[in-house]
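The values are calculated or read from the model by the stated rules, or taken from the named source; none is laboratory data. The model shown is predicted, which means the values in this text are computed figures rather than measured ones. Cβ placement follows ideal geometry from the backbone for every residue including glycine, while neighbour counts extend to all protein chains displayed. We work out accessible area using only protein heavy atoms, side chains counted, and drop any ligands, DNA or RNA first. Shrake-Rupley method; radii C 1.70, N 1.55, O 1.52, S 1.80 Å.
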Amino acid sequence: MTNGGTGIATAKSVVIKGGTVLDQRGEHRADVRVEGGVVTEVGAALRGGDTLDAGGCMVTPGFVDLHVHLREPGREEAETIETGSRAAAMGGFTAIVAMPNTEPPHDSLAVVQMVRRRGQEAGLCDVLPSGCITMGRAGETLAPMAELAAAGVHIFTDDGTGVQDPLLMRRALEYAKSLGITLAQHCEVSRLTEGAVMHEGACCSRLGVPGWPAVAEELMVMRDIELSRLTGAPVHFLHLSTAKSVDLVRTAKADGLRVTAEAAPHHFTLTDEMLTGFDPIFKVNPPLRERADIDAVKRGLADGTIDAIATDHAPHPAELKEMPLDQAPPGMLGLETSLALSISELGLELRHVVALLSWRPAAIAGVADRHGRAIEVGAPANITVFDPDLAWTVSPARLASKSRNTPYAGRAVRGKVRHTVLCGVPVVIDGEAQR
Ligand code: DOR
């Protein structure tokens, strides 16, 4: 028997035992039985079936990452759908949105279906392919959004670049509204960032390298807020990184606009000062910003302005990341460190952290029927079990991703995924992937 979008075989009865269930309805001590892909019992002292020990752990709806680069097709030396799915499962994610900047990109039914099928074959998490907004992500003509939407694609983006042409973006929003899909914008006015390697600010001037000004992001956030107001279509802002961007989204939400936003862990944990040694491991797009921006992103996560934590997991092989700063590609790993950084650095209650990682991104991804659901009888058994107190040190060699470009090597963090259950099947047990 198979279940849900993943197509993986469902398992026999499994009891998640001795943990604290934490979901959108609150927190209580309970065992959870999953069987046939769904939750069948929530209660005290459940017996029978296989057991997953959850002593000292939180048992929560599975996490959903709105922003993952899986690299397949085209750059399998960096990551494959299978290795990326394994990293996702290890990070507690039961669903991930696969970004479209593959080779070829996600602008045809064939590629989107291939990505989804490879995700199902890996059977480690629900891989949700995004669709391109424009053909070839070239920003000139619209991709076949209706056809891709009919095939189940919900998030459309040219991520890696923003849609520069305001008229094309307006048209895309009008289609999106009629199709019931969401456009996710990579906010970067590319004319303002040509040749840039890091955030434009005091540190960048000191180092004497070309800068990526905050305004290049903020102008596109402003424009798309206004285009959303004009068209009535929803817009999701990818990887917000500046204080002003957060303020713009806060005001747009107060105006009642259909605007959502995400932030990546590196934008609330690392500053542009990390680039002082010219190490490309810290090169990312949008770039690491200043302390005031980090504080603003944290405030945005705390007050609900930013809806979700999304990793922007961007694997690159060592030979590329070891090139000089101006030539190395931007991007850093994120899937396996997101929970720990969120717990360790945000200073938020656990329930708030899980909301940002689970049910709120699930709603944006259009999968709230099967991911991020409260843990109750009948709900699809997509569940994450994590120890919020476990202290560990990030070690690149131990990551499941095929690449090693984490900027957190050697960092002491707290909070670790113990088990991940996908459609009732434990795909991670005691921190070990089962496939
Ligand atoms: O740092 C980044 N890396 N930002 C992006 O927008 C794209 C991504 C990648 O694909 O490597």
Cα-projected label distance for Ala302 with Arg47, points at 7 Å along beta-carbon direction, nm: 4.8
Show me, bin by bin at 20 Å from 0, the whole-percent P(r) of the chain based on Cα pairs. 28, 60, 12, 0
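Under the Kirkwood approximation applied to all pairs of distinct alpha-carbon atoms, what is the hydrodynamic radius of the range 65-157 in Å? Could you put the intermediate results ahead of the total?
Working: mean 1/r = 0.0778 Å⁻¹.
After inverting the pairwise mean of 1/r, the radius is 12.8 Å.
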Give me a comma-separated list of calculated 3J(HN,Hα) values for the range 139-146, in order, Karplus coefficients 6.51, -1.76, 1.60 applied at θ = phi - 60°, integers in Hz, x for any Gly or Pro. x, 10, 10, 6, 6, x, 5, 5
Pull up the DSSP beta bridges for the chain and report the antiparallel fraction as a percent, rounded to 5. 50
When the accessible area of the chain is computed with all protein chains present and a 1.4 Å probe, what percentage of it is carbon and sulfur? 51
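Need one word for the range 1-147: rounded, prolate or oblate. Basis is the Cα gyration tensor (sqrt eigenvalues a ≥ b ≥ c); a/c below 1.5 gives rounded, then a/b vs b/c decides. Intermediate results must be reported in sequence, preceding the final value.
Values: a/c = 2.67, a/b = 2.43, b/c = 1.10.
Prolate.
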By the mean-Cβ-within-10 Å protection proxy, highest first, 361-372, 323-334 rank as 361-372, 323-334
Spin-label pair Glu349/Ala254, simplified geometry with 7 Å Cα→Cβ offset, distance in nm: 2.4
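Over the range 301-397, consider all pairs of different Cα atoms and compute the Kirkwood hydrodynamic radius from their mean reciprocal separation; express it in Å, one decimal.
Numbers: mean 1/r = 0.0636 Å⁻¹.
The Cα-based Kirkwood calculation yields 15.7 Å.
In the chain, what is the count of Lys pairs whose alpha carbons are under 18 Å apart, counting only pairs at least 8 residues apart or on separate chains?
Details: Lys17/Lys416; Lys177/Lys253; Lys244/Lys253; Lys244/Lys298; Lys253/Lys298; Lys283/Lys321; Lys321/Lys402.
Eligible lysine pairs with Cα atoms under 18 Å apart amount to 7.
Which whole number of Å³ per residue matches the convex hull of the alpha-carbon atoms in the range 237-299? Please report the intermediate quantities before stating the final value.
Numbers: hull volume 4.2 nm³, N = 63.
It is 66 Å³ per residue.
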Give me a comma-separated list of calculated 3J(HN,Hα) values for the range 74-87, in order, Karplus coefficients 6.51, -1.76, 1.60 applied at θ = phi - 60°, integers in Hz, x for any Gly or Pro. x, 10, 5, 5, 8, 6, 10, 4, 5, 5, x, 5, 5, 4
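Find how much the distance from Ala138 to Asp247 grows on full extension, using 0.36 nm per residue of separation minus their present alpha carbon separation; answer in nm with one decimal. Could the numbers behind the result be given before it?
Numbers: separation 109, 0.36 × 109 = 39.24 nm, distance 2.95 nm.
Extra length from Ala138 to Asp247 when fully extended: 36.3 nm.
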Here FRET efficiency (C-beta to C-beta, Glu432 to Glu174, R₀ 45 Å, nearest 0.05) is 0.40
Per residue, in Å², the accessible surface of the range 105-257 once ligands and nucleic acids are set aside, probe 1.4 Å: 38
Between Gln113 and Glu226, what is the label-to-label distance in nm when each label sits 7 Å out along the Cα-to-Cβ direction? 4.2
